[in-house]
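> Dumping the structure here so I can ask a few things about it.
The values are calculated or read from the model by the stated rules, or taken from the named source; none is laboratory data. The structure displayed is predicted, hence computed values, not measured ones. Don't worry about glycine lacking a Cβ; one is built from the backbone with ideal geometry, like all the others, and counts go over all protein chains shown.
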Amino acid sequence: MDDLRPTISKHIPQADPWSSLRSFTAARIALGRTGVALPLKESLNLALAHAHARDAVYSMLHIDELTNKLNQFGLPIVQLHSNAKDRKQYLQRPDMGRKLELMSLLHLQEFATSKNTIAISIADGLSANAINENIVPLLAELMPMLRNMGVVIAPLCLISQGRVAISDEVGAALKANLSLIFIGERPGLSSQDSMGAYLTYNPSPGLTDESRNCVSNIRPDGLPYTQAAQKIFYLVQESLRLKISGVLLKDNNTQQLSY
């Protein structure tokens, strides 16, 4: 038996030297291995995360529930739809999600006025769950800041099957100086509920990504609501002051956010 002890000890599992780093990130590190493969538990966790990500892509906005909750901000709520008639077309034809359907555009134009400063859109994007879970607490932080600026906020636009660029058409239709859209981001294997915010000064159809500023990963396990609202508010202020957005607008806020 004494001769077998050294051989057996070689197969005792050793602690992964990266294990301590797992407390700092949701990334899949220090998972261990069985031979050249992941342990069964981690393989199952990966499959589950992939399933959650797929479910997020096909999730839907809780229109009635969101409308009831958004009423607290005292703004009219306009329900709109993109040119993508369903989720399949939305995923296969990104261009269809960047434009409003004609009836939605005509309805939106009823609220157009040169007094509008900011047009706020809320779209499902690639994870409606992210909007269902995060938009109301984020706006609860952001709205008081915007109102203290004394700007005119256009009706809130709740958009189904929308992509980021649809906010440019919304802003132009409402004659707003600045367009701000909150949208569900592409789900990852550790972040199926991540919401992004994009702002564009002087919005108009046909603008591309360099014209926009982005604040991403807004969620409790990412960029918390308070810090996200502060960053968005700073960018909105600077955009309206300098009359620019996108690559021309830099985040020069000297107050470092802690999260």
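> Given the criteria at pLDDT 95 or above and touching a helix residue (DSSP H, G or I) at 6+ places or on another chain (Cβ under 8 Å), does L100 qualify? It would help to see each step written out before you state the result.
Values: at pLDDT 95 or above: yes; touching a helix residue (DSSP H, G or I) at 6+ places or on another chain (Cβ under 8 Å): yes.
Against the criterion (at pLDDT 95 or above and touching a helix residue (DSSP H, G or I) at 6+ places or on another chain (Cβ under 8 Å)), L100 qualifies.
> When the residues of the range 21-68 are filtered to those that are touching a residue at least 24 places away in the same chain (Cβ under 8 Å) and outside any helix (DSSP H, G or I), which remaining residue is farthest from C157 (Cα to Cα)?
R28
For every residue, the table says whether it meets (1) surrounded by fewer than 23 Cβ atoms within 10 Å (Cβ to Cβ); (2) on the phi > 0 side of the Ramachandran plot; (3) modelled with pLDDT of 95 or more; (4) assigned to a loop (DSSP other than H, G, I, E, B).
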residue	(1), (2), (3), (4)
L105	yes, no, yes, no
T113	yes, no, no, yes
A119	no, no, yes, no
I122	no, no, yes, no
G125	no, yes, yes, yes
E133	yes, no, yes, no
V136	yes, no, yes, no
L139	yes, no, yes, no
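> Determine the pairs where a residue that is at negative phi, located within the range 217-235, has a partner that is at pLDDT below 95 and in a helix (DSSP H, G or I) with Cβ atoms under 6 Å apart, the partner being 6 or more residues away or on another chain.
Going by the 6 Å Cβ cut-off, there are no qualifying pairs.
> Hey, can you tell me all the residues within the range 166-211 that are without any contact (Cβ under 8 Å) to a residue 60 or more places away in the chain and not in a helix (DSSP H, G or I)? Explain how you work it out, then say what you get.
Going through the range 166-211, the residues without any contact (Cβ under 8 Å) to a residue 60 or more places away in the chain turn out to be 167-168, 171-172, 197-202, 204, 206-211.
Within the range 166-211, A197, Y198, L199, T200, Y201, N202, S204, G206, L207, T208 qualify.
> Hey, another quick one. Which ones in the range 115-130 are in contact with a Ser or Thr (Cβ under 9 Å, 6 or more places away or on another chain) and under 25 Å from A173 (Cα atoms)? Please lay out each step first, then the result.
Within the range 115-130, the first condition is being in contact with a Ser or Thr (Cβ under 9 Å, 6 or more places away or on another chain), and the residues that meet it are 118-121, 123-124, 127-130.
Correct list: I118, A119, I120, S121, A123, D124, A128.
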